[in-house]
Amino acid sequence: MRTISEAAAELRALDPHTAMTPYHIRRLCLDGVLPTVKAGKKILLDLDTLIEYMADPTADKFQPSPATTANGIRRIS
């Protein structure tokens, strides 16, 4: 498990010319594409899952789930 900045640094160490930025990793996490765990204010993600996503971003397991909220507002039924 790594924070977003640690995951970006690990990717940069593996491939110095990677185009994956901390901002893009954060967007993948917040959009629900990558599974995450919150620890206080930090967002933790599995580095192996991120590398797997980079190998095949179109895999079914990386499709975002339909949002139940819109901009932080819960839908009233």
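Worth pointing out:
- Approximating the spin labels as points 7 Å out from Cα along Cα→Cβ, the Q63-to-R12 distance works out to 3.5 nm.
- 3J(HN,Hα) along the stretch 32-48: x, 6, 9, x, 9, 10, 8, 10, x, 8, 8, 10, 10, 9, 7, 5, 5 Hz, from the Karplus curve 6.51 cos²θ - 1.76 cosθ + 1.60 with θ = phi - 60°, whole Hz, x for Gly and Pro.
- Cβ-defined net charge surrounding R2, 9 Å radius [Lys, Arg +1; Asp, Glu -1]: -3
- Neighbourhood charge, 14 Å Cβ-Cβ cut-off, centred on L14 and excluding it, Lys, Arg +1 and Asp, Glu -1: -3
- Within straight-line reach of K38, meaning a Cα separation under 19 Å, sit the following aspartates and glutamates at least 8 residues removed in sequence or on another chain: E6, D46, D48.
All of the numbers you see were taken from the coordinates with simple rules; none came from a lab. Predicted model, so just to flag it, every value in this text is computed and none were measured. In this analysis, Cβ positions are derived from the backbone assuming ideal geometry, glycine residues included, and neighbour counts consider all displayed protein chains.
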